[in-house]
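Undergrad: Input: one structure, supplied below.
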Amino acid sequence: MKKFKGVCIGTGYFSHFQYEAWQRMDNVEIVAVCGTSIAKAQLICDKYGFDKAYIDLDEMLRIEKPDFFDIITPPNTHLTFTKLAIKHGVHVICQKPLAPTYSESVEIAEAAEASDIRMMVHENFRFQPWHQEIKKLLDQQVIGNKLHAINLRMRMGDGWQENAYMNRQPYFREMEQLLIYETGVHFIDVFRYLGGEISKVYAKLKTLNPNIKGEDFAWVHFDFENGALGFLDANRFNENTAEDPRLTFGAVLIEGNKGCIRLYDDGSITIQLLGEKEMAHDYPFEKINFAGDCVYATQLHFIEKLSSGEAFENDPRAYLKNLVVQDAIYESNEKGIPIVCNL
């Protein structure tokens, strides 16, 4: 079994989930970490047992000659870092959001496609075990061969305080676009994963906490190309009754022509066929790392497809449709009308 040699850049809050997941893979060795300071990078190396800390990314890629490069930094850095990876012929897995704008995301996709490297976006919500299981049930037509609707309700309760987000991701407070750009794009990807391509959106966005700049509330109606409808009811201000609202990040109801599938906040799934009682559906998942270990599953997918040569589920070109839908949501809110999602 080939062992893949990786390097990473990023020392922020979410990077720890990714480092912990890489550490558990027998066929991956992270040999170096780059940060905004040697001290921060060294702390990561010391914690996870990686070999070397760097402050110069170009030097790290030149000296280490890795198989892949994990970009775990803010979106405004991704184009520059991707071009450096291309220069050194290193495959890339890159944290979302892919870039600050759609045009820059297209530039990243085109640069990767014109090179010899392969690239995947670290979009991990579709790899949450409950969404993977629901996808299997839909493919098996357990609730019929016609999808009627997908409803997802999220209440995070982490954004009502005067100092909201300071303890985890303080930069959230200054983002002009927050809920849809940072969190909602995950749900856009999940809706596409479960329901197919989205043709039109109609959105209402609000900022409930006066101490932040971006929106923390969203009602979004989706039209799917297959005729189904979707609705996202997302809010980071009000609270959830769940023990851990960051496990599934929301409850889901999926309705078809033979019944419905429900996902609850604790990760449990039920199936209710028409005329029958709601029944529990057993499936395995672990409450480790982040959201059912979806970071590990995402990175495992990257390594498996890197090894086999098969397509990534979220290469940059495929991911662009998420960004088209994302931008259409903001345009719909601004104009007060439904917006067609044309790639």
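Undergrad: Which residue is nearest to Gln161 (Cα to Cα), if the candidates are limited to segment 218-244 and must be crowded, with 19+ Cβ neighbours inside 10 Å and of a type outside the set (A, V, I, L, M)?
TA: Of everything passing the filter in segment 218-244, Phe237 is nearest to Gln161 (Cα to Cα).
Undergrad: If you go through segment 144-174 one residue at a time, how many are part of a strand (DSSP E or B), over 18 Å from the mean Cα position of the chain (by Cα) and either outside the structural domain of Phe249 (by TED's automatic domain parsing) or surrounded by fewer than 20 Cβ atoms within 10 Å (Cβ to Cβ) (or both)?
TA: Of the residues in segment 144-174, the ones part of a strand (DSSP E or B) are 147-155.
Of the ones still in play, those that are also over 18 Å from the mean Cα position of the chain (by Cα) are 147-151.
Right, trim to either outside the structural domain of Phe249 (by TED's automatic domain parsing) or surrounded by fewer than 20 Cβ atoms within 10 Å (Cβ to Cβ) (or both) and you get 148-149, 151.
Adding up the residues that qualify gives 3.
Undergrad: In segment 188-212, what count of residues is obtained for those that are within 21 Å of Cys260 (Cβ to Cβ) and either aliphatic (A, V, I, L, M) or not in a loop (DSSP other than H, G, I, E, B) (or both)? Before the answer, list the steps.
TA: At the first step, the residues of segment 188-212 found to be within 21 Å of Cys260 (Cβ to Cβ) are 190-196, 198.
Then keep just the ones that are either aliphatic (A, V, I, L, M) or not in a loop (DSSP other than H, G, I, E, B) (or both); that gives 190-195, 198.
Residues in segment 188-212 being within 21 Å of Cys260 (Cβ to Cβ) and either aliphatic (A, V, I, L, M) or not in a loop (DSSP other than H, G, I, E, B) (or both): 7 in total.
Undergrad: Where in segment 67-125 are the strands (runs of 3 or more DSSP E), entirely inside, with at least 2 residues that are buried (at least 20 other Cβ atoms within 10 Å of the Cβ) and aromatic (Phe, Trp, Tyr)?
TA: Those strands (runs of 3 or more DSSP E) span 68-71.
Undergrad: Something else now. Just checking, which of Glu182, Glu255 is outside any loop (DSSP other than H, G, I, E, B) and more than 23 Å from Ser332 (Cα to Cα)?
TA: Numbers: Glu182 fails: more than 23 Å from Ser332 (Cα to Cα).
Among Glu182, Glu255, only Glu255 is outside any loop (DSSP other than H, G, I, E, B) and more than 23 Å from Ser332 (Cα to Cα).
Undergrad: Output the residues belonging to segment 50-66 that are of a type outside the set (Phe, Trp, Tyr), modelled with pLDDT of 95 or more and part of a loop (DSSP other than H, G, I, E, B). Quick ask: steps written out before the conclusion?
TA: Here is the first cut: in segment 50-66, the residues of a type outside the set (Phe, Trp, Tyr) are 51-53, 55-66.
Narrowing further to those that are modelled with pLDDT of 95 or more: 52-53, 55-66.
Hits for segment 50-66 are Ile55, Asp56, Lys65, Pro66.
Undergrad: In addition: Against the conditions (1) under 21 Å from the mean Cα position of the chain (by Cα); (2) assigned to a loop (DSSP other than H, G, I, E, B); (3) at pLDDT 95 or above; (4) of a type outside the set (A, V, I, L, M, F, W, C), where does Asn226 fall short? Just the number, please.
TA: That leaves (1) as the condition not met.
Undergrad: Where the second residue is exposed (fewer than 12 other Cβ atoms within 10 Å of the Cβ) and the first is closer than 30 Å to Trp22 by Cβ and lies in segment 267-288, which pairs have Cβ atoms under 7 Å and are six or more apart or on separate chains?
TA: Within 7 Å, the pairs are Ser268/Ala280.
Undergrad: I've got another one for you. Can you give me the number of residues within segment 310-343 that are outside any helix (DSSP H, G or I) and farther than 26 Å from Phe17 by Cα?
TA: Kept after step one, since they are outside any helix (DSSP H, G or I), are these residues of segment 310-343: 310-315, 336-343.
Keeping just the survivors that are farther than 26 Å from Phe17 by Cα gives 336-343.
Result for segment 310-343: 8.
Undergrad: Something else: When you go through Phe302, Phe249 one by one, which is the residue that is surrounded by 13 or more Cβ atoms within 10 Å (Cβ to Cβ) and assigned to a loop (DSSP other than H, G, I, E, B)?
TA: Numbers: Phe302 fails: assigned to a loop (DSSP other than H, G, I, E, B).
Answer to the selection: Phe249.
Undergrad: Can you spot a residue in segment 33-52 that is of a type in the set (Asp, Glu) and over 22 Å from Lys305 (Cα atoms)?
TA: Kept after step one, since they are of a type in the set (Asp, Glu), are these residues of segment 33-52: 46, 51.
Adding the requirement that they be over 22 Å from Lys305 (Cα atoms) leaves 46, 51.
The answer is yes; a qualifying residue exists.
Undergrad: Please verify whether segment 16-34 includes one or more residues that are modelled with pLDDT of 95 or more and touching a Ser or Thr at 6+ places or on another chain (Cβ under 7 Å).
TA: no
Undergrad: Among (1) in a loop (DSSP other than H, G, I, E, B); (2) over 19 Å from the mean Cα position of the chain (by Cα), where does Glu215 come up short?
TA: All conditions are met except number (2).
Undergrad: While we're on this one: Just to be sure I understand the filter: pairs with C-beta atoms under 8 Å, separated by 6 or more residues or on different chains, first member in segment 164-183 and within 13 Å of Pro74 (Cα to Cα), second member of a type in the set (S, T, N, Q) and outside any loop (DSSP other than H, G, I, E, B). Which pairs pass?
TA: Close Cβ pairs (under 8 Å, with a partner that is of a type in the set (S, T, N, Q) and outside any loop (DSSP other than H, G, I, E, B)) amount to Tyr181/Gln326.
The values are calculated or read from the model by the stated rules, or taken from the named source; none is laboratory data. Here the structure is a predicted model, which means the values were calculated and not measured. Reconstructed Cβ throughout: ideal geometry from the backbone, glycine too, with neighbour counts over all protein chains shown.
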